[in-house]
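Read-outs: derived from the displayed coordinates by stated rules, not from any lab. Everything numeric in this text was worked out from a predicted model, so none of it was measured. Neighbour counts are summed over all protein chains in view; Cβ atoms, including those assigned to glycine, are modelled from backbone coordinates with ideal geometry.
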Amino acid sequence: MRSTTCTGNNGKYLEEYHSESSALLAAEEIQEQYGNTLSPIHCRRCNYWHLVDHSTRKQCMFCTDRGLFLKDIYATKEEAQRTADWIRRSKKIQLSPYKCPYSHGWHLTKR
Ligand SMILES: [Zn+2]
Ligand SMILES: [Zn+2]
């Protein structure tokens, strides 16, 4: 269903989902069809769920992973944790947030 209260970065109204599981299902469909990685967020404004696109993610200029790619950086621990939860459910990989030693933000690491 199209939201009547919440808009995304592009000013368009967001799609809303009435449960996390239906948002997850939609995210998986979108990933299969378009290859976009989306994750559900619970919206405090309308109390439903929306999907956010990870292609808008930021990268840390200081840290690289083992493949020497720049690591994704998250502004808050909550945001990093939310992404970790999403990855755990969709890819069955357990990640935990840690504070970036060089920059303001959080990364995810395998334990
Ligand atoms: Zn909303
Ligand atoms: Zn970093």
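Would you please give the FRET efficiency between SER19 and LYS77, computed as 1/(1 + (r/R0)^6) with r the Cβ-Cβ distance and R0 = 22 Å, to the nearest 0.05?
Given R0 = 22 Å and the Cβ-Cβ separation, E is 0.30.
Quick one: 3J(HN,Hα) in Hz for the range 28-42, Karplus 6.51/-1.76/1.60 with θ = phi - 60°, rounded, Gly and Pro as x.
5, 4, 5, 4, 5, 7, 10, x, 7, 8, 10, 9, x, 10, 8
Looking only at TYR34, TYR48, TYR17, which one moves most when the chain is put into a Gaussian network model with springs between Cα atoms under 10 Å?
Highest fluctuation of the listed residues: TYR34.
Full extension from ILE87 to ARG44: what is 0.36 nm times the residue separation minus their Cα-Cα distance, to one decimal in nm?
13.3 nm
With θ set to phi - 60°, apply the Karplus curve 6.51 cos²θ - 1.76 cosθ + 1.60 along the range 72-85 and write out the HN-Hα couplings as whole Hz, x wherever there is a Gly or Pro.
Those phi angles translate into 5, 10, 10, 5, 10, 4, 4, 5, 5, 5, 4, 5, 4, 4 Hz.
Report, in deg cm²/dmol and to the nearest 500, the calculated mean residue ellipticity at 222 nm for the chain, where each DSSP H run with n ≥ 4 adds -39500 (n - 2.57) and the sum is divided by the residue count.
-9000 deg cm²/dmol
May I have the count of lysine pairs in the chain with C-alpha atoms under 18 Å apart, counting pairs 8 or more residues apart or located on different chains?
Here the count comes out as 11.
Let's see if you can work this out: charge +1 on each Lys and Arg Cβ, -1 on each Asp and Glu Cβ, no other charges. What is the dipole magnitude of the range 2-55 about its Cα centre, in debye to the nearest 20?
My answer is approximately 340 debye.
Apply the Karplus curve 6.51 cos²θ - 1.76 cosθ + 1.60, θ = phi - 60°, to the phi angles in the range 20-25 and return the couplings in whole Hz, x for Gly and Pro.
For the range 20-25, the Karplus curve yields 5, 5, 6, 5, 4, 4 Hz.
Dipole magnitude of the chain about its Cα centre, charges +1 at Lys/Arg Cβ and -1 at Asp/Glu Cβ only, in debye to the nearest 20?
Charge dipole, the chain, about its Cα centre: 480 debye, nearest 20.
If you stretched the chain out fully between THR5 and ASP65, how much longer would it get, using 0.36 nm times the residue separation minus the C-alpha to C-alpha distance?
17.7 nm
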